[in-house]
Amino acid sequence: MKNNPLYHFFYQFRGKISSSIYIPFLGKADRNHLALLRNLEKEMEVDKCLDVPLNKLNVVIFDFETTGFYPEKGDSILSIGAIKIINGQMDTNKTFYSLVYNERRLPDEIKQLTGIDESELLSAPPIADVLIQFYQFVQNAPLVAHHANHEKKFLQHANWKTFKKMYSHRIIDTSLVFNIANPDKSIVSLDDYCAICDIQVQNRHHALGDAITLAKLWQIYIQKLKLIGCTTLKDVYEQLAMNN
């Protein structure tokens, strides 16, 4: 089977996305193709990120810009930005950014907030293409977002609507993780975290700009967490459970 070229195409995504995500793109996939995909799923590696030291953990920091807050009511993703953290350090050579096709009129406040105009979106790739490219960029790394429930909702909705498939990546919410290191401070927004860490805010409400800003904070906070004994994600989750 490993001499099959289709095998090598899908094998690069082992442990990242269930093979069924690609079925809509196979056209008239025969039973042999489907059997091949199921075999590939069995070979997917299980990510053991919980026990990896945070300063060695490879993650992808990401952000969505959207038309609103409620994908179930018709709001959609306008852009996706991401940057990789390799061994605890931001790699500015490994970034992802894409607008997403949208033919509907944008609310004026969204255009003003994000700087995105409808004309740009008309020539952007469709959400299916953008998600495939995004997953290819992410591979099997855990995802990291600030107030991640927003990204989770939109990712789940887009994944199900487009592929009829649940997303499978671990998503870490920095609004919870960072507060472990700041238990006596009421910090909510990305801007507040930047202020206390003396980080200059740039390209705010641009998906890649916000991802880069969060990556800078991640580098700082994994050191802060280490000082209080949280050296792995497992430690972080145990501390969150204790705090609740």
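The values are calculated or read from the model by the stated rules, or taken from the named source; none is laboratory data. As the structure is a prediction and not an experimental result, all values here were calculated from the model. Note that we place each Cβ from the backbone using ideal geometry, even for glycine, and neighbour counts take in every protein chain shown. To get the accessible areas, we keep the full protein, side chains included, count just its heavy atoms, and leave off ligands, DNA and RNA. Shrake-Rupley method; radii C 1.70, N 1.55, O 1.52, S 1.80 Å.
Surface analysis of region 99-211 yields an accessible area of 51 Å² per residue, using protein heavy atoms and a 1.4 Å probe. With the cut-off at 1.5 for a/c, could you classify region 108-244 from its C-alpha gyration tensor as rounded, prolate or oblate? Note, shape of region 108-244 comes out oblate.
Exceeding 30 Å between C-alpha atoms, which entries from my cross-link table qualify? They are Lys48/Lys73; Lys84/Lys111; Lys164/Lys224.
On the way: Lys48/Lys73 36 Å; Lys84/Lys111 27 Å; Lys164/Lys224 40 Å.
Violating the 30 Å Cα-Cα cut-off are Lys48/Lys73; Lys164/Lys224.
In region 77-108, whose amide N lies under 13 Å from the spot 7 Å out along Cα-to-Cβ of Gln219? List them in ranges. Label zone hits: 84-94. Here region 154-243 has 52 percent of its accessible surface on carbon and sulfur atoms, given a 1.4 Å probe and all protein chains in place.
Rounded to the nearest 0.05, the FRET efficiency derived from the C-beta distance between Cys197 and Leu227 at R0 = 25 Å is 0.95.
Go through region 138-244 and name the trypsin sites (Lys or Arg not before Pro) that are in a DSSP coil and have 15 or fewer other Cβ atoms within 10 Å of their Cβ.
Working: sites: Lys152, Lys153, Lys161, Lys164, Lys165, Arg170, Lys185, Arg204, Lys216, Lys224, Lys226, Lys234; in loops: Lys164, Lys165, Arg170, Lys185, Arg204.
Answer in residue order: Lys164, Arg170, Lys185, Arg204.
Stretched out straight at 0.36 nm per residue, the stretch from Ser119 to Arg105 would grow longer than its current Cα-Cα span by 4.1 nm. The gain in end-to-end length when the Met242 to Met166 segment is fully stretched comes to 24.4 nm, 0.36 nm per residue minus the alpha carbon separation. Of the chymotrypsin sites (Phe, Trp or Tyr not before Pro) found in region 146-181, no site is in coil according to DSSP while having at most 14 other Cβ atoms within 10 Å of its Cβ.
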